[in-house]
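The structure appears below as structure tokens.
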Amino acid sequence: MIAIGGDHSALELKAEIMAHLKKRGEVFEDFGTHTRESCDYPDIAKAVCGAILEGRCDRGILICGTGIGISIAANRFRGIRAALCSDCFSAQATREHNDANVLVMGARVIGPGLACQITDTWLDTPFSEEDRHINRLKKLEANVSE
Ligand code: RB5
């Protein structure tokens with residue numbers, strides 16, 4: 001189950017990605033926003049990350065204008081590893097190396113064709129399971145400030 005969400009600037013790109021996910025036969029839930037009215041990306045990140053951390057969804061896709069604000073928001077949740085990707089190389093690497101559980105894209109940065117290719121790469125690439133990467137993920141979890 002994939003949780004997907006984006007702010008008002010991501011409405012069109014989110015629709016394109018959802019149509020693409022449907023074509024792939026993926027099961028997903030849309031956490032909004034559903035209108036063009038201005039909204040706050042931290043709220044969308046919270047809804048998607050909450051669904052993952054509660055175990056209702058396995059991974060997530062988040063979109064805002066640049067992808068930056070919503071990735072900062074997502075990475076504040078312990079256990080979320082959100083990766084902002086604008087190319088397929090990064091999408092592959094962040095699955096293999098970081099076991100990224102949230103893919104982030106910028107609706108004002110990339111077009112729908114590339115966004116769908118990045119989504120495919122990210123969904124189809126497994127975590128490498130290599131010790132060095134597992135060790136680094138453990139360190140990420142341990143690096144929490146009070
Ligand atoms: C909204 O205008 C815009 O600030 C937001 O989508 C995002 O780009 C923030 O990082």
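Taking the residues in region 1-26 that are assigned to a loop (DSSP other than H, G, I, E, B) and among the acidic types (Asp, Glu) as candidates, determine which candidate is nearest to the ligand (Cβ to nearest atom).
Per the stated criteria, the residue is Asp7.
Could you please find all residues in region 27-41 being hydrophobic (A, V, I, L, M, F, W, C), more than 19 Å from Leu84 (Cβ to Cβ) and more than 12 Å from the ligand (Cβ to nearest atom)?
Filtering region 27-41 for residues hydrophobic (A, V, I, L, M, F, W, C) gives 27-28, 31, 39.
From what's left, more than 19 Å from Leu84 (Cβ to Cβ): 27-28, 39.
Those that are hydrophobic (A, V, I, L, M, F, W, C), more than 19 Å from Leu84 (Cβ to Cβ) and more than 12 Å from the ligand (Cβ to nearest atom): Val27, Phe28.
From the list Ile70, Ile44, Ile80, which one is more than 14 Å from the ligand (Cβ to nearest atom), of a type in the set (Val, Ile, Thr) and either under 13 Å from the mean Cα position of the chain (by Cα) or at pLDDT 95 or above (or both)?
Being more than 14 Å from the ligand (Cβ to nearest atom), of a type in the set (Val, Ile, Thr) and either under 13 Å from the mean Cα position of the chain (by Cα) or at pLDDT 95 or above (or both) holds for just one of Ile70, Ile44, Ile80, which is Ile80.
Scan region 66-82 for residues that are among the small types (Gly, Ala, Ser), within 19 Å of Ile110 (Cα to Cα) and surrounded by 23 or more Cβ atoms within 10 Å (Cβ to Cβ) and jot them down.
Gly67, Ser71, Ala82
Could you pull out the residue among Ile63, Ile44 that is under 21 Å from Arg108 (Cα atoms) and in a strand (DSSP E or B)?
Ile63
What single numbered condition from (1) polar (S, T, N, Q); (2) in contact (Cβ under 8 Å) with a residue 40 or more places away in the chain; (3) surrounded by fewer than 17 Cβ atoms within 10 Å (Cβ to Cβ) fails to hold for Ser38?
Of everything listed in (1) polar (S, T, N, Q); (2) in contact (Cβ under 8 Å) with a residue 40 or more places away in the chain; (3) surrounded by fewer than 17 Cβ atoms within 10 Å (Cβ to Cβ), Ser38 misses just condition (2).
State whether one or more residues within region 126-144 are in contact (Cβ under 8 Å) with a residue 12 or more places away in the chain and closer than 23 Å to Phe28 by Cα.
Within region 126-144 (the criterion being in contact (Cβ under 8 Å) with a residue 12 or more places away in the chain and closer than 23 Å to Phe28 by Cα), the answer is yes, since at least one residue qualifies.
Any chance region 11-30 includes a residue that's buried (at least 17 other Cβ atoms within 10 Å of the Cβ), of a type in the set (Phe, Trp, Tyr) and closer than 16 Å to Arg108 by Cβ?
Checked against the condition, which is being buried (at least 17 other Cβ atoms within 10 Å of the Cβ), of a type in the set (Phe, Trp, Tyr) and closer than 16 Å to Arg108 by Cβ, region 11-30 yields no hits at all.
The values are calculated or read from the model by the stated rules, or taken from the named source; none is laboratory data. Predicted, not measured: the structure shown is a model, and the values here were computed from it. We place every Cβ from the backbone using ideal geometry, glycine too, and count neighbours over all the protein chains shown.
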